[in-house]
Amino acid sequence: MKPLAILGGTFDPVHIGHLCVAWEASELLDAEVHLLPASVPPHRPPPIASAEQRVAMLRAALAGQHRLQLDLRELERAGPSYSVDTLEALRAEHGDRPLVLLMGADAFAGLLTWHRWQRLFELAHLGVFARPGFEAAWPAELDEAVQGRRATLDDDWRHHPAGRVLPLDVTPLEVSATRIRSLLAQGRSPRYLLPERLVDTPGLLDAYRAGQE
Ligand code: ATP
């Protein structure tokens with residue numbers, strides 16, 4: 001069975017940075033990849049767009065392909081979207097299937113602040129890719145936690161359900177949702193930073209335009 005990899009985020013809005021890492025991770029890992037929008041992200045301010053608007057943007061972004069799938073479980077669950085809860089549920093559903101939690105180096109650097117972070121290594125492999133514009137500076141405790149878990153894609157990680165940290169060499173794209181929101185708020189167009197369909201579908205990006213709630 002192919003591994004299942006998940007990319008969580010606020011996707012406020014989804015952009016080519018998210019889509020490219022998810023797409024390339026599916027190739028590098030030969031995995032099914034699911035995108036999981038967070039409901040109440042525990043580590044950051046609430047999203048600008050509503051859950052419904054973020055899902056509509058994700059649906060538009062993912063239309064026309066089958067490799068990347070949307071998983072709405074974090075939006076359907078009450079309370080903060082802790083990755084550990086999501087992975088507990090996925091582990092219960094998938095038995096020994098290898099699970100891979102995908103994250104950029106910026107997210108990984110903050111791992112020690114995540115709820116029950118040590119448990120993450122028992123539930124999934126971590127697939128970590130560079131985040132252009134972010135200099136990786138990891139706390140010593142995180143380095144220690146990762147010691148002995150580092151693996152390469154050629155290692156035998158597929159034979160284990162969880163526990164390895166896999167570096168993923170994806171195409172660097174210095175795009176962020178923050179930048180896209182800022183362009184829209186200035187009345188500018190982020191065309192080419194996100195899928196065309198998001199720009200061309202009336203109303204989809206309105207939450208970020210100046211003067212909109
Ligand atoms: P914001 O600018 O609002 O903080 P963001 O662009 O960082 O948003 P998130 O939804 O917070 O997007 O990111 C979800 C995940 O995607 C994180 O693991 C993050 O590291 C990763 N990610 C987002 N953009 C990129 C990118 N351009 N390249 C690599 N990884 C990215």
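Read-outs throughout are calculated quantities, based only on the coordinates presented, and are distinct from any laboratory measurement. Worth saying up front: this structure is predicted, and the values here are computed from it rather than measured. Counting neighbours? That spans all protein chains shown, and the Cβs are built from the backbone with ideal geometry, glycine included.
I need the calculated FRET efficiency for the pair Ala63 and Asp96, taking r as the beta carbon distance and R₀ as 30 Å, to the nearest 0.05. If you can, show how the numbers build up before the last one.
Values: r = 33 Å, r/R0 = 1.09.
Given R0 = 30 Å and the Cβ-Cβ separation, E is 0.35.
If contacts are Cα pairs under 8 angstrom and at least 6 residues apart, what is the relative contact order of the chain in percent?
Numbers: 352 pairs, mean separation 51.7, N = 213.
Computed value for the chain: 24 percent relative contact order.
Going by Cα centres, region 39-102 and region 142-157 are how many Å apart?
Each part reduced to its Cα centre gives a spacing of 25 Å.
Report, in degrees rounded to the nearest 10, the 0 to 90 angle that the Cα long axis of helix 16-29 makes with the longest principal axis of the chain.
The answer is roughly 30 degrees.
Quick one: helix 83-94 against the long Cα principal axis of the chain, what's the angle to the nearest 10°, folded into 0 to 90?
70 degrees
Quick check on the exposure proxy: order Val55, Val21, Val170 from fewest to most C-beta atoms within 10 angstrom.
The fewest-first ordering by Cβ neighbours comes to Val55, Val170, Val21.
Can you tell me the FRET efficiency between Asp169 and Arg116 if r is taken as the Cβ-Cβ distance and R0 is 30 Å, rounded to the nearest 0.05?
My answer for the efficiency is 0.55.
Sort the following peptides by mean Cβ neighbour count (other Cβ atoms within 10 Å, averaged over residues), highest first: 24-36, 139-151.
Ranked from most to least packed, the peptides come out as 24-36, 139-151.
Work out the FRET efficiency for Asp156 and Cys20 from their Cβ-Cβ distance, taking R0 = 41 Å, and round it to the nearest 0.05.
0.90
Among rounded, prolate and oblate, which fits the chain when a ≥ b ≥ c are the square roots of the eigenvalues of its C-alpha gyration tensor, a/c under 1.5 means rounded, and a/b larger than b/c means prolate?
prolate
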